[in-house]
Every structure is written in structure tokens, then in C-alpha cells.
Amino acid sequence: QDLLKLTQLRSLYLSFNAFTGPLPSNIGDLSNLEEFYIFGNDIESSLPGDAIAKLTNMREFVMANNYLTGTIPTEFNSLALLEQLSLYDQQSDNLISGTMPHFLDAPAVWYFDVTGNDLTGSIPKDFMKNSKWRD
């Protein structure tokens, strides 16, 4: 929990370790965080949408190859600076499910990977409609 007191932290790389337990619900206290990599650990939880909403400076959010469950929080749709969201290859029996985000208010997204999960429905008609990467 002391790590979450580093409110000026901009980059946090914790990949390929053996971290366990849930993603702290107060991860949003790191409101200046721009890059968050915790790939290849044993994090078991859903993603806390209210905390995600506070990560307004987030550009790269990578939690692939963990044990995440639940849905992709709609709050990712509103992160205006978000460029990459990577949640692929979750290892739990209950994979990430639900529908895909549309990223209407996240025009900087250029990389989105949810390979190997259990998303349903169709790709939203307005998927990345406001992307700065569109022709």
C-alpha cells in the first residue's frame, strides 16, 4: 500500500513477477500514472472501474497474462490520453467477459488486445469513431 502513496509516479513496471491478489481498488490514487505494466503475474480480480476513471493521465495499461475476471470497465472509454489497452490471455477459468468498449472519448487508442478472453456481442458500430488514427 505504500506504493500507492507515490502520487507523482508516472511509470510503473511490475511485469514477470509472482504478484498475487487483487489489483488495489485505490490504484486510482496514482492519478499521474501514465504507464502501468503488470504483465505475467498472478493478479486475481476484476478491474475497479471507479479507480480506472481517476487514471486520467494513463497512456499504456497492460495487464495481460494474469487472472483477471469480470468485464472491461466502461471508464476506459473516457481516458482521453489512453493509447494502449492490453488484457490478453487471462489465465483464470472465468475470463474477462461482456462487450467491447467503444473508446469514443479515448481518441488516442491505437493498440487494443483482448485475445483469448470471453467477450460477446458484436464490435460496436461506433468503435473508435473519434480516433485520431482514422482517415
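If we scan region 42-63, do we find a residue that is among the β-branched types (Val, Ile, Thr), in contact with a helix residue (DSSP H, G or I) (Cβ under 7 Å, 6 or more places away or on another chain) and either in contact (Cβ under 8 Å) with a residue 24 or more places away in the chain or more than 13 Å from LEU82 (Cα to Cα) (or both)? Quick ask: steps written out before the conclusion?
Filtering region 42-63 down to residues among the β-branched types (Val, Ile, Thr) leaves 43, 52, 56, 62.
Those left that are additionally in contact with a helix residue (DSSP H, G or I) (Cβ under 7 Å, 6 or more places away or on another chain): 52.
Add one more test, that the residue is either in contact (Cβ under 8 Å) with a residue 24 or more places away in the chain or more than 13 Å from LEU82 (Cα to Cα) (or both), and what stays is 52.
Taking every residue of region 42-63 in turn, at least one turns out to be among the β-branched types (Val, Ile, Thr), in contact with a helix residue (DSSP H, G or I) (Cβ under 7 Å, 6 or more places away or on another chain) and either in contact (Cβ under 8 Å) with a residue 24 or more places away in the chain or more than 13 Å from LEU82 (Cα to Cα) (or both).
Within region 98-109, which residues are open to solvent by 40 Å² or more (accessible area, probe 1.4 Å) and more than 12 Å from LYS129 (Cα to Cα)?
THR99, MET100
Between a first residue in region 74-97 that is farther than 18 Å from ALA51 by Cα and open to solvent by less than 40 Å² (accessible area, probe 1.4 Å) and a second residue that is in a loop (DSSP other than H, G, I, E, B) and modelled with pLDDT under 95, which pairs have beta carbons less than 6 Å apart while being 6 or more apart in sequence or on different chains?
none
Tell me which strands (runs of 3 or more DSSP E) are completely within region 83-135 and hold 3 or more residues being within 15 Å of PHE61 (Cα to Cα), or say none if there are none.
Details: elements: 84-86, 96-98, 111-113.
Once the strands (runs of 3 or more DSSP E) in region 83-135 are filtered for at least 3 residues that are within 15 Å of PHE61 (Cα to Cα), what remains is 84-86, 111-113.
Of the conditions (1) farther than 27 Å from ALA18 by Cβ; (2) under 10 Å from the mean Cα position of the chain (by Cα), LEU81 clears all except one; give me its number.
LEU81 satisfies all of (1) farther than 27 Å from ALA18 by Cβ; (2) under 10 Å from the mean Cα position of the chain (by Cα) except (2).
Looking at region 113-135, can you tell me whether even one residue there is open to solvent by 20 Å² or more (accessible area, probe 1.4 Å), under 27 Å from GLN8 (Cβ atoms) and at pLDDT 95 or above? Please lay out each step first, then the result.
Just the residues of region 113-135 that are open to solvent by 20 Å² or more (accessible area, probe 1.4 Å), to begin with: 113-130, 132-135.
Then drop every residue that is not under 27 Å from GLN8 (Cβ atoms), which leaves none.
No, region 113-135 contains no residue that is open to solvent by 20 Å² or more (accessible area, probe 1.4 Å), under 27 Å from GLN8 (Cβ atoms) and at pLDDT 95 or above.
Here is a list of conditions, (1) surrounded by 14 or more Cβ atoms within 10 Å (Cβ to Cβ); (2) outside any strand (DSSP E or B), and PHE61 meets all of them except one; can you say which number that is?
Among (1) surrounded by 14 or more Cβ atoms within 10 Å (Cβ to Cβ); (2) outside any strand (DSSP E or B), PHE61 violates only (2).
Looking only at region 1-43, which residues are over 17 Å from THR56 (Cα atoms), assigned to a loop (DSSP other than H, G, I, E, B), of a type in the set (A, V, I, L, M, F, W, C) and open to solvent by 60 Å² or more (accessible area, probe 1.4 Å)?
Result: PHE16, ALA18, PHE19.
The values are calculated or read from the model by the stated rules, or taken from the named source; none is laboratory data. All of these numbers come straight from a predicted model, not from anything done at the bench. Glycine gets a Cβ as well: all are built from the backbone with ideal geometry, and neighbour counts include every protein chain shown. When the accessible area is computed, the model is the full protein with side chains, heavy atoms only, and any ligands, DNA or RNA have been set aside. Shrake-Rupley method; radii C 1.70, N 1.55, O 1.52, S 1.80 Å.
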